[in-house]
Structure formats: structure tokens, C-alpha cells
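The values are calculated or read from the model by the stated rules, or taken from the named source; none is laboratory data. These numbers come from a predicted model, not from an experiment. Heads up, the Cβs are rebuilt from the backbone with ideal geometry, glycines too, and the neighbour counts pull from every protein chain shown.
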Amino acid sequence: MENTNFIMRFLEWLMSFDRKAIILAASAIGAGLAMIAGIGPGVGQGYAAGKGAEAVSYNPKSGRQATTVMLLGAAVAETSGILSLVISLILLYANPLVNVTGAAIVVAASAIGAGLSMIAGIGPGIGQGYAAGKGTEMVGKRPRLQSSIIRTMFLGQAVAQTTGIYAMIIALVLMFANPLIGLL
Amino acid sequence: MDSVNQTQLKMLKNALLLNGLFCIIALVFLENPITFVVGVIFGTTFSLLNFRLLYLTLNKAVHMPPPKAQAYATSRYLLRYTITGIVIFISLKADYINILGTIAGLVSLKLVILKSELFNSKEYFKNIFKRKEER
């Protein structure tokens, strides 16, 4: 029976490695997972650029205004990508978990968890890009309302960023002030 | 000067002001402020160049058919993302650059955009909480 319990066998196999090696391997997985968040701003900015092209083709006179809105909106949409990049590079080059004492499996899981939490960055990236695209589209249609549209767009983008910041806080807590290690 | 360039200039001035403030705070409160200031300068310089690159990309993208513009903007984003990665990597590796300063410099432009375009009208926020009849 024991031989067929693959999870136990896997965990036993995992524990046969050196403690530091397990944490470093988990950090590598975490760093890779964090980078998945880079998809969000890419899709969002692409959407905004597509909408910008549409807006300019409908109304070429409002092209400069549409570009201004798109530029500012796309710049804000990039934020979650930068945050995930920071977490990923910290896991790779300034890993604080290597020197943490406590059960190796908890520390390793924390490294993976820190990377996993940053995947949430996809949401704000796509959402902010969507808002930038819609803002650009509407400025193209109604250039006179630029200031109101821009303000509403940024209000939406600022709110959309919140979940990305929450994700980063959880990642930082898991790396620098992990409460789980103290519970053992 | 057209509106897009004016906006860029405004963002540049405000970003420099905000980062100047970061540097002053660092000089007053930190034990080793020079590394932080170097980080802020490094991050801000890259952030402004990144913003300019974004403008050049989008300026080109708006003259393309929408599907092509999407693909072009996304591919350019990946290029900028890679450069951002290199900047953060250098700050993590170099002892004379504080990573927190670099991150502050990188994110400051987004704060400046939100401050100058969102939090610039009290009336807008008052109207949100007013009833329709009061407006």
C-alpha cells in the first residue's frame, strides 16, 4: 500500500535532497511563475494600440488627442509587469529565503507561493489596457470630452491596480516576513 | 508644440520633481543615502526613456491596421519589459545602487501620471458623491 502512495514517495524523494537545493529549486519555479504576469500588460497594451488605430482611422483629426490618452493609459498598464519582474528578480538574485531557518518544505513552498501570487498581475494588466483602449476609442469619437474621459479612465485604472498591489504585498510577506515559519 | 509632446514634457518635469523629493527625503532620513539617490537617478532615467519609447511605439501603431497595431505594440512591450528586467538586474547586482531607489524611480512616472491626470480636479470627486438633483 505504501509503495503506491505516490505523494508520499514524491515527498520522501524531495526530502532526500539538500535543504538549500530544495529552496533554490522552489525559488526558480517561483521566479518563473511570477513572470507569467507579464502577459497581462502585453495583452492590455496591444488592445489599447488596436483601439488607438481604430480611433484614428474613424476620425483622423482627433489623432493627437487619442495618442495622448493611449500613451498615458498604456504607461499605467505596464505597472503590474514591472512589479512581477521585481519579485521574480528578487527570487533569483537577492533571495531572502535561502538563509531562513525552519522546515525546508515550508520555505520552499513560500518561494513558489510568492511567485504564484504575482500571477494576479495579469488581471490589472489586461484591465488597465482595456480601459486605456476604451478611453482612446471614445476620445477619438468625442475629442471635446477628453479631460472627463481621461479622468474616468485613470480612476478605473487606479482601482484596477489594487489587486496587483495586494498580490505584491503577499509575495513580499512570504519572502521577507513569513508568518508560517514561526508556527512550526 | 503639439499636445502629445506637451504632455510628455509635463510628465518629465513632474517626474523629476517627485524624484527630487525622494532624494531629499533619502538624504535626510537614510544612513547611506548615496546608493539610494543613485538608484533613483538610474530608475528615473530608464523610466523616462521607457516612456519615450512607448510614445514612439504607439505613434507608429496608430497608423497601422488594428490587428497589426496590436501585434506591434505587444512585441514592443516585450522588448521594453526585457530592458526593464536588465535595469532591475543591474541594480540588484551592483553594490552602489539601492534596488528600492531604482523601483521608486521606475514607479514614480505612474504616480505622476495619476496625480496630474486623475487627482487634479476636486469638483470631479465631489460630483461622484452628489445626488443628481444637487448638481
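Quick check: is even one residue across segment B:54-62 more than 19 Å from the chain's Cα centre (by Cα) and part of a loop (DSSP other than H, G, I, E, B)?
For segment B:54-62, residues more than 19 Å from the chain's Cα centre (by Cα) and part of a loop (DSSP other than H, G, I, E, B): present.
Output the residue which, of all residues in segment A:52-62 that are touching a residue at least 60 places away in the same chain (Cβ under 8 Å) and facing chain B (nearest Cβ under 8 Å), is nearest to residue B:56 (Cα to Cα).
Per the stated criteria, the residue is A:52.
Quick test for you: out of A:24, A:33, A:11, pick the one residue that is aliphatic (A, V, I, L, M), out of contact with any Ser or Thr (no Cβ under 7 Å at 6 or more places or on another chain) and closer than 30 Å to residue A:74 by Cα.
A:33
Please count how many residues of segment B:85-109 are free of Cβ contacts under 8 Å to residues at least 60 places away in the same chain, at the interface with chain A (Cβ under 8 Å from one of its Cβ atoms) and crowded, with 22+ Cβ neighbours inside 10 Å.
1
Return the residue satisfying two criteria in turn: it lies in segment B:72-84 and is within 7 Å of chain A (Cβ to nearest Cβ) and of a type outside the set (Ser, Thr, Tyr), and of such residues it is nearest to residue A:50 (Cα to Cα).
B:73
For (1) crowded, with 24+ Cβ neighbours inside 10 Å; (2) more than 7 Å from chain B (Cβ to nearest Cβ); (3) at positive phi; (4) modelled with pLDDT of 90 or more, each residue gets a yes or a no:
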residue: A:27; (1), (2), (3), (4): yes, yes, no, yes
residue: A:30; (1), (2), (3), (4): yes, yes, no, yes
residue: A:33; (1), (2), (3), (4): no, yes, no, yes
residue: A:36; (1), (2), (3), (4): no, yes, no, yes
residue: A:46; (1), (2), (3), (4): yes, no, no, yes
residue: A:68; (1), (2), (3), (4): yes, no, no, no
residue: A:80; (1), (2), (3), (4): yes, yes, no, yes
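What do you reckon, is residue A:17 farther than 30 Å from residue B:3 by Cβ and not in a helix (DSSP H, G or I)?
So residue A:17 passes the test.
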